[in-house]
Amino acid sequence: MDIVIILLAAVLAYMLGSIPTAVWFGKYYYSIDVRDYGSGNSGATNTFRVLGKKAGIIVMSIDILKGFLATSLATVLAAYNIVSYDEFILYKLIFYKLIFGFLAVLGHIFPFYENFKGGKGVATLLGMMLAVDATITIICLGVFVLVLFLSKYVSLGSLLATLAFPLLLFIPRFKPDDPVLIVFGFLMFIVVAITHQKNIGRLLQGEESRVNIRLRRKR
């Protein structure tokens with residue numbers, strides 16, 4: 001196995017995740033730093049709130065794409081024989097997908113380009129999981145939409161949808177060949193829960209903001 005190429009791919013995955021889509025998009029097209037408004041977060045949700053649906057959809061789509069492309073680097077390495085299929089079978093292709101995807105999520109949360117202060121990583125995580133298991137991820141998206149529709153809380157939808165991923169893997173139909181995916185799923189839920197600590201606190205106190213799209217300076 002070519003360690004150098006694997007390490008370069010890992011760095012690329014992190015750098016892809018680090019692209020601060022909301023910040024750059026807001027500054028370039030609206031001359032606005034989304035971090036100065038709304039929740040002060042540099043993610044897709046705050047972009048929806050501050051810049052509107054069109055900007056929010058664009059930012060969210062790019063953030064999802066970041067996670068998908070970073071995770072897919074593992075498949076690219078195997079497809080072009082940069083790393084032999086035999087070694088990918090030995091170490092499990094899924095392992096490399098999870099590592100590269102996780103680095104992209106970390107990049108979004110701790111972006112190199114913005115002094116390691118980024119968003120919460122949910123959209124990038126979505127892209128990662130689409131590359132890992134599209135079927136289960138689509139079901140999780142359904143969970144998110146349902147929770148959002150019933151509660152109007154984006155944070156609650158994100159948390160429950162993320163938790164749904166490893167839980168669904170306990171169903172025989174979705175049971176993976178390698179339990180590492182279940183473990184990793186719970187790890188991702190913990191990461192999302194950590195990045196949503198303030199949201200969880202507000203949810204418990206009944207003070208969390210419901211879906212509301214309008215320009216408002218950070219308090």
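None of the figures in this text is laboratory data; all of them are computed from the coordinates on show. These figures come from a predicted structure and were not determined experimentally. Heads up, the Cβs are rebuilt from the backbone with ideal geometry, glycines too, and the neighbour counts pull from every protein chain shown.
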Farthest towards the positive end of the dipole of segment 1-132, among Leu93, Ala55, Leu125 and with Cβ unit charges of +1 on Lys and Arg and -1 on Asp and Glu, lies the Cα of Ala55
Stretchable slack from Gln197 to Leu7, in nm (0.36 nm times residue separation minus alpha-carbon distance): 65.2 nm
Taking amide H atoms as placed 1.01 Å from N in the peptide plane, list the residues 5 or more away in sequence, or in a different chain, whose amide H sits under 5 Å from that of Tyr37. Lys218
For Glu208, list long-range residues whose amide hydrogen, built 1.01 Å from N in the peptide plane, is under 5 Å from its own amide hydrogen. Leu203
Hey, what angle do you get for helix 122-132 against the long axis of the chain, alpha-carbon based, 0 to 90 degrees rounded to 10? 20 degrees
Above 29 Å lies some portion of the pair distances; for the chain, what is it as a whole percent of all C-alpha pairs? 26 percent
About its Cα centre, the chain carries a charge dipole, from +1 on Lys and Arg Cβ atoms and -1 on Asp and Glu Cβ atoms, whose size in debye to the nearest 20 is 1260 debye
Out of Phe68, Ala79, Tyr28, whose Cα points farthest toward the positive end of the dipole of segment 1-146 (charges: +1 Lys, Arg; -1 Asp, Glu; placed on Cβ)? Tyr28
How tilted is helix 180-195 with respect to the longest principal axis of the chain? Cα atoms for both, answer in degrees (0 to 90, nearest 10). 20 degrees
Angle between the Cα long axis of helix 93-109 and the longest principal axis of the chain, 0 to 90 degrees, nearest 10? 30 degrees
With θ set to phi - 60° and the Karplus curve 6.51 cos²θ - 1.76 cosθ + 1.60, what are the ³J(HN,Hα) couplings of segment 137-150 in order, to the nearest whole Hz, using x for Gly and Pro? 5, 5, 5, 5, 4, x, 4, 4, 4, 5, 5, 5, 5, 7
From the phi angles alone, apply the Karplus equation (6.51, -1.76, 1.60; θ = phi - 60°) to segment 41-47 and give each ³J(HN,Hα) in whole Hz, x where the residue is Gly or Pro. 8, 9, x, 5, 4, 5, 5
Residue order, fewest to most beta carbons within 10 Å, for Thr71, Thr137, Thr47: Thr137, Thr71, Thr47
Apply the Karplus parameterisation 6.51 cos²θ - 1.76 cosθ + 1.60, with θ equal to phi minus 60°, to every residue of segment 167-174 and state each ³J(HN,Hα) to the nearest whole Hz, in sequence, with x for glycine and proline. 5, 5, 5, 7, 6, x, 4, 9
Which lysines have a Cα lying under 28 Å from the Cα of Lys97, excluding residues fewer than 8 positions away in the same chain? Lys66, Lys117, Lys120, Lys175
